[in-house]
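The values are calculated or read from the model by the stated rules, or taken from the named source; none is laboratory data. Since this is a predicted model, take the numbers as computed values, not measurements. Quick reminder, even Gly has a Cβ in these numbers, built from the backbone with ideal geometry, and neighbours come from all protein chains shown.
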């Protein structure tokens with residue numbers, strides 16, 4: 001042992017290394033994992049100093065003499081006793097050492113025990129990578145290792161084997177024995193999780209559109225009459241890797257800047273989207289829909305800000321002013337839609353909405369107009385949100401022609417209005433929420 005003592009700063013620094021089990025002023029206790037790693041690297045021809053430095057040890061802090069002493073001790077133990085010789089004998093040995101020579105039967109018994117240990121170690125190490133043994137995170141990972149150890153122990157019976165394997169996998173023996181005692185409960189929980197997973201998948205794939213945990217909860221409750229806690233749904237989705245589409249930023253640029261003859265109107269909405277009056281605040285915008293072999297289509301929609309219902313839409317392969325005009329005309333021609341006397345339509349400052357033709361049409365229909373501030377997408381956030389969710393949930397890029405794309409959009413808007421529950425609408429669909437507001 002080196003006579004050099006570690007300072008408090010050095011002790012604190014060295015204790016952060018994953019290969020250090022204990023450290024005091026005079027000595028370091030290394031993990032068995034590092035010892036095995038050291039022997040493997042040493043046999044590749046690396047020096048002791050190089051192995052220690054690659055393991056993030058400061059050789060100047062440890063001291064080359066101390067490192068060489070530990071290296072020689074491990075090499076000698078490995079040559080005499082194999083892998084078992086690398087185990088820390090201070091925690092395993094008890095009582096006085098045996099003074100007499102071992103009999104042949106005792107030697108054979110010990111060798112057989114060593115063989116059993118080595119068999120167990122090889123079988124476990126085949127299925128546990130080094131990183132997985134260093135950092136075991138999560139209950140599910142620990143359960144898998146408990147099951148693995150149990151399967152090995154059934155072949156190699158003995159408490160010493162259990163102790164050794166738990167130490168090798170860096171898990172507690174008490175946890176392993178708790179697992180054995182609660183196997184029936186665990187199996188029962190697994191069956192419950194399977195049942196819940198099947199119910200979640202029904203809601204997840206309902207109407208052919210994948211959903212997140214909130215939509216799954218609302219669909220289960222409103223459509224199937226099943227009420228699960230949302231945290232349970234999230235846990236099951238994580239466990240079985242049920243992944244919903246992730247929102248992505250729109251990669252397409254906005255419509256070209258308005259020309260001088262176009263005029264911008266004030267922002268009357270000021271982000272007061274939820275006024276609880278159906279048919280009063282209408283949001284509109286146009287989005288790009290690339291499909292098939294570099295073909296491009298465009299979708300114009302009008303959304304009721306209070307209920308999130310899509311009141312009118314138009315799909316076209318041209319982005320002329322007609323797509324915006326036809327969306328307005330479709331809205332007013334639908335006799336089932338009741339517009340408020342104070343109705344106004346809110347949009348961005350795109351060239352379609354600043355166009356004299358569009359503004360003239362709105363005036364003729366007694367519909368007011370409002371616009372977002374320049375370059376501020378948040379002023380029309382609910383409409384942008386609808387386009388984002390729609391593009392995540394439908395496979396519009398796989399459509400082979402415009403007719404097929406129009407059918408996909410039609411089906412989705414019907415689903416969105418009548419079947420897609422929304423968290424901020426009291427877990428109701430847009431149509432259900434609109435009917436509720438009208439009944440108040």
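Given the structure, is residue 402 over 17 Å from residue 287 (Cβ atoms) and surrounded by 14 or more Cβ atoms within 10 Å (Cβ to Cβ)? Steps first, answer last, please.
On the way: over 17 Å from residue 287 (Cβ atoms): no; surrounded by 14 or more Cβ atoms within 10 Å (Cβ to Cβ): yes.
Criteria not met by residue 402.
Can you name every residue in region 1-31 that is in a helix (DSSP H, G or I) and in contact with a strand residue (DSSP E or B) (Cβ under 6 Å, 6 or more places away or on another chain)?
11, 14, 15, listed by residue number.
Looking only at region 180-216, count how many residues are assigned to a loop (DSSP other than H, G, I, E, B) and under 25 Å from residue 246 (Cα atoms).
5
With respect to residue 72, is the statement that it is modelled with pLDDT of 85 or more and surrounded by fewer than 15 Cβ atoms within 10 Å (Cβ to Cβ) true?
Working: modelled with pLDDT of 85 or more: yes; surrounded by fewer than 15 Cβ atoms within 10 Å (Cβ to Cβ): yes.
Answer is yes for this residue.
Give region 271-295 a look and list any residue that's without any contact (Cβ under 8 Å) to a residue 12 or more places away in the chain and outside the structural domain of residue 392 (by TED's automatic domain parsing), or say none.
272
Which residues, counting only those in region 22-38, are without any contact (Cβ under 8 Å) to a residue 60 or more places away in the chain and either assigned by TED's automatic domain parsing to the domain that holds residue 167 or surrounded by fewer than 18 Cβ atoms within 10 Å (Cβ to Cβ) (or both)?
22, 24, 25, 26, 27, 29
Looking at (1) touching a residue at least 60 places away in the same chain (Cβ under 8 Å); (2) buried (at least 16 other Cβ atoms within 10 Å of the Cβ); (3) assigned to a loop (DSSP other than H, G, I, E, B), which is the one condition that is false for residue 337?
Just one mismatch for residue 337, condition (1).
In region 219-237, what residues are surrounded by 13 or more Cβ atoms within 10 Å (Cβ to Cβ) and either out of contact with any helix residue (DSSP H, G or I) (no Cβ under 9 Å at 6 or more places or on another chain) or touching a residue at least 60 places away in the same chain (Cβ under 8 Å) (or both)?
Within region 219-237, 219, 221, 222, 223 qualify.
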